[in-house]
């Protein structure tokens with residue numbers, strides 16, 4: 001069934017703008033259609049992808065401490081919630097300190113939110129789930145505040161690393177504008193290479209041996225074919241992960257394996273466009289910035305938050321920071 005024009009327009013406009021740039025690019029929010037969300041869930045279980053299991057371990061070790069530090073009941077909001085697999089650890093801890101918990105997950109994927117709601121309502125009946133389908137970067141979000149409760153806003157999984165430093169500050173400042181002094185942010189960040197963390201291990205997390213990350217990256221072209229009627233040949237592109245030390249980030253690209261043309265049909269977002277690709281030319285699809293203690297502290301301070309405590313694993317792979325809205 002064809003999509004309604006208003007549903008296609010943001011995708012079409014974004015694709016046209018990014019693919020017409022000198023460095024062709026697409027924003028990472030386009031990854032997360034139903035197929036992309038399922039592929040990302042597979043990525044989080046891969047042996048190379050240390051981020052999810054390390055953050056989960058930090059939650060299991062420190063959830064009680066995090067909740068007790070807020071010193072009052074909480075209502076929990078989560079940006080980019082996905083299926084909320086790790087969040088259940090924090091929600092379970094919260095139910096030990098208050099009779100009920102309101103959880104407000106926000107995500108672009110209705111499928112992921114439905115899965116999160118079904119799972120949480122089955123396993124944690126004390127949690128009331130109010131999902132919100134929205135792109136928290138471009139859409140307004142609603143935060144319901146229960147009487148006498150602080151808001152604990154979760155932004156975990158190192159999702160903040162997908163934004164440039166300026167855009168990361170804009171995202172957190174927008175969130176801060178909807179919070180009150182005393183509310184809190186729980187931020188998950190992937191850490192930069194160090195004596196304990198090699199660039200090789202970091203690259204492997206974004207280019208796994210099973211090829212799941214490659215399929216996830218290529219799905220962004222498949223989505224444009226499905227949603228816009230473009231004719232990307234997925235066999236004509238290969239997944240590349242690169243470490244950019246000057247910017248302290250992993251970059252994901254889709255490199256053209258040959259000289260080729262791709263057609264974007266006309267629609268309500270604009271006229272037909274023909275894109276030329278040279279061999280080796282890339283579409284830049286994602287950045288994943290890696291943080292030091294100093295860059296993390298600067299990000300939070302510039303965004304209106306006061307770091308209270310940071311939890312890290314023994315190998316300093318990943319950090320979870322609780323910060324108060326100033």
For residues that are over 18 Å from residue 155 (Cα atoms) and in a loop (DSSP other than H, G, I, E, B), tally how many sit in the stretch 108-127. 3
Going by the conditions given, is residue 319 at pLDDT 95 or above, in the same structural domain as residue 157 (by TED's automatic domain parsing), within 30 Å of residue 63 (Cβ to Cβ) and outside any strand (DSSP E or B)? no
Specify which of the listed residues (54, 75, 44) is in the same structural domain as residue 118 (by TED's automatic domain parsing) and within 19 Å of the chain's Cα centre (by Cα). 54
Mind checking which residues of the stretch 218-241 are surrounded by fewer than 20 Cβ atoms within 10 Å (Cβ to Cβ) and closer than 15 Å to residue 40 by Cβ? 222, 239
From the option list 242, 309, 223, single residue qualifying as in a strand (DSSP E or B) and under 24 Å from residue 208 (Cβ atoms) is 242
Since residue 203 meets every condition but one in (1) surrounded by fewer than 18 Cβ atoms within 10 Å (Cβ to Cβ); (2) in contact (Cβ under 8 Å) with a residue 40 or more places away in the chain; (3) within 27 Å of the chain's Cα centre (by Cα); (4) over 16 Å from residue 48 (Cα atoms), which condition does it not meet? (4)
1 or more residues touching a helix residue (DSSP H, G or I) at 6+ places or on another chain (Cβ under 6 Å), surrounded by fewer than 17 Cβ atoms within 10 Å (Cβ to Cβ) and in contact (Cβ under 8 Å) with a residue 40 or more places away in the chain: qualifying helices (runs of 4 or more DSSP H) within the stretch 7-107: 34-44
So which of 175, 254, 185 ends up being under 25 Å from residue 280 (Cβ atoms) and not in a loop (DSSP other than H, G, I, E, B)? 254
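The values are calculated or read from the model by the stated rules, or taken from the named source; none is laboratory data. Computed from a predicted model, the values in this text were never measured in an experiment. Cβ coordinates were reconstructed from backbone atoms using ideal geometry, including for glycine residues, and neighbour counts include every protein chain displayed.
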